[in-house]
Amino acid sequence: MTNAVAQKKCYTAEEHFAYEEYSEFRHEFYEGELFRMDATTIRHNEIIENVKDVLRPLFRPRGCRVVSESIRLEAVRNEYYPYPDIMVTCHGFDRESDSTIRNPSLVVEVLSKSTEDNHRDFKWQHYKNISSLQHYLVVSQYKCLVELYSRTEKPEVWLYQSFNQMTDTVHFQHLDFSLPVAKVYDNITFPTPEELAAENPPPAPQK
């Protein structure tokens, strides 16, 4: 989950949905607890917009939706509802839904230092069990690194690929499109070690 402190009250999924309608902050829901989402960087937001700029012209003509950040995913019904950075869905239910996606074909997450382990481990363990999911894309905001997980013919086996050159192109075989890495990082300046340390200060010493 996120690094934010969870609300202590135990909620149902329906109570979570109602709470999110008037809450100032977004919260991920997991097994009855709400976890406030961490703040993000402008770089994080710009990478999301870059990827969406590629996806929308490709998928909207197909009758699909490209949604981001404020739309929740039903990763496990009544148990786990995160907010992925980007989702693509072509399913009939999702085309009519106002706030929740159940059947994504593609999920994209942009990493931060506080969420990297969460995206690679906890979230991935749940995402890969979504039957509709064909590809999971993980993007670093600190260096040129894009990682793709693709479903294979064996449900329990996923193909992993990594791309770390601006000249690379990521091919999404199941969805029949390609994404140039240069498009992902268009107009992005990676932080210096000093800037990165300022964005991610070490934890305060324990008394």
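Shown for the chain: cysteine residues without a partner Cβ closer than 4.7 Å, namely Cys10, Cys144.
Pairs of Lys residues in the chain that lie 8 or more places apart, or on two chains, and have C-alpha atoms under 28 angstrom apart add up to 23.
Amide H contacts for Ile86 (H built 1.01 Å from N in the peptide plane; partners 5 or more residues away or on another chain; cut-off under 5 Å): Glu69, Val108. Taking 7 Å steps out from each Cα toward its Cβ at Glu199 and Ser131 produces label points 3.9 nm apart. Helical runs (DSSP H, four residues minimum) scored at -39500 (n - 2.57) apiece and divided by the length of the chain put the mean residue ellipticity at 222 nm at -6000 deg cm²/dmol.
Approximating the spin labels as points 7 Å out from Cα along Cα→Cβ, the Ser178-to-Lys113 distance works out to 3.6 nm. Put a plus charge on the Cβ of each Lys and Arg, a minus charge on the Cβ of each Asp and Glu, and nothing anywhere else: the dipole of the chain about its Cα centre is then about 320 debye. Mind running the shape call on the range 39-186? Use the C-alpha gyration tensor, a ≥ b ≥ c as the square roots of the eigenvalues: rounded below 1.5 for a/c, prolate if a/b tops b/c, oblate otherwise. The shape class here is rounded. Rolling a 1.4 angstrom probe over the range 17-159 with all protein chains present gives an accessible area of which 46% lies on carbon and sulfur atoms.
Dipole size of the range 1-95 about its Cα centre, with +1 on Lys/Arg Cβ and -1 on Asp/Glu Cβ: approximately 400 debye, rounded to the nearest 20.
Each label was represented as a point 7 Å from its Cα along the Cα-to-Cβ direction; for Arg56 and Ser70 these points are 1.4 nm apart. Please state the charge dipole magnitude for the range 44-94, taken about the Cα centre, from unit charges on C-beta atoms (+1 on K and R, -1 on D and E), reported in debye and rounded to the nearest 20. With only Lys, Arg, Asp and Glu charged at Cβ, the dipole is about 280 debye. Fully extending the segment from Ser23 to His171, taken as 0.36 nm per residue of separation minus the present Cα-Cα distance, adds 49.4 nm.
The values are calculated or read from the model by the stated rules, or taken from the named source; none is laboratory data. These numbers were taken from a predicted model, which means no experiment stands behind them. No Cβ is skipped: glycine too gets one built from the backbone with ideal geometry, and neighbour counts run over all protein chains shown. For accessibility, only protein heavy atoms count, side chains too; no ligands or nucleic acids. Shrake-Rupley method; radii C 1.70, N 1.55, O 1.52, S 1.80 Å.
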